[in-house]
Amino acid sequence: MKPTELLKVAAIAVLTSGMIVGCQQTSTGEAAPEMAAEEECQGATPEVRNAIYAAKLKNARARNLGAEWEENAKIIEEAEQAAADCQNVRAKILANKAEDAAAEAIAALQGAETTVVEAEEPVEEESPYIGGYLVVSGDNLWNISGQDTIYGDPYMWPLIYKANSGQIKDADLIYPGQYFYIPKAKGEERGAAIAHAKNRGAWTLGETEASDLDYLAQ
């Protein structure tokens with residue numbers, strides 16, 4: 001083989017090896033970011049938030065009846081922490097466990113009372129709510145209260161705020177996916193809600209107004 005032909009073969013070999021190395025580097029460079037990418041935690045799902053809130057309501061009822069189990073509050077705290085850490089499956093299991101435990105505690109207490117007073121017939125407790133509402137984009141307490149299927153009067157929004165104050169930090173700021181219990185509008189409570197709505201005063205988005213705190217304390 002002539003020297004000139006040997007030089008051509010060598011040149012082709014160098015170019016080919018350079019292309020292979022370049023492709024490997026490109027492939028590796030593109031794959032690394034994808035391997036390192038991590039999904040950001042989006043917090044609890046609406047289903048999990050509702051489960052935790054239901055557990056809190058049931059546990060609060062047990063507490064009011066004097067039937068709360070000490071460990072139940074800790075279970076709810078664990079559920080909230082799991083939800084904050086995006087462990088939604090674990091959070092829902094813990095929330096359901098807490099709700100079931102509270103229900104069992106209430107049932108045990110009611111069973112004991114029935115045994116002591118056999119002559120009394122169990123009376124079904126009337127629900128203080130007319131139903132619930134799932135918040136969607138664009139909602140606020142004013143327009144929710146004004147819906148015909150709710151109160152048909154936007155000035156009654158403080159009733160919803162007070163009944164769900166555990167998950168509403170600012171009455172002017174609610175989020176899609178939140179589930180609110182809609183309380184029945186009784187005479188005095190209805191009047192107080194309307195009076196607050198009409199005389200609330202100035203408000204700032206993202207802050208809890210002093211007048212709202214005074215209303216919640218009533």
> Do any helices (runs of 4 or more DSSP H) lying entirely in segment 69-152 carry at least 3 residues that are at pLDDT below 90 and among the charged types (D, E, K, R), and which ones are they?
Replying inline: 70-84, 88-116
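With the requirement that a residue be assigned to a helix (DSSP H, G or I) and surrounded by 15 or more Cβ atoms within 10 Å (Cβ to Cβ), what does segment 196-210 give you? Talk me through it step by step, then tell me what you get.
Taking segment 196-210 as the starting set, the residues that turn out to be assigned to a helix (DSSP H, G or I) are 196-198, 210.
Listed by number, the residues that qualify are H196, A197.
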>> Within segment 166-176, take every residue that is in contact with an Asp or Glu (Cβ under 9 Å, 6 or more places away or on another chain) and surrounded by 14 or more Cβ atoms within 10 Å (Cβ to Cβ) and give me the one that is farthest from T208 (Cα to Cα).
In response: I174
>> For segment 90-112, which positions are of a type in the set (V, I, T) and under 20 Å from the mean Cα position of the chain (by Cα)?
In response: I93
> Out of segment 128-150, which residues are more than 17 Å from the chain's Cα centre (by Cα) and β-branched (V, I, T)?
Replying inline: I130, I144, T149, I150
> Which of the residues belonging to segment 143-161 are surrounded by fewer than 20 Cβ atoms within 10 Å (Cβ to Cβ) and farther than 10 Å from A197 by Cβ?
Replying inline: N143, G146, Q147, D148, T149, G152
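The values are calculated or read from the model by the stated rules, or taken from the named source; none is laboratory data. Here the structure is a predicted model, which means the values were calculated and not measured. Don't worry about glycine lacking a Cβ; one is built from the backbone with ideal geometry, like all the others, and counts go over all protein chains shown.
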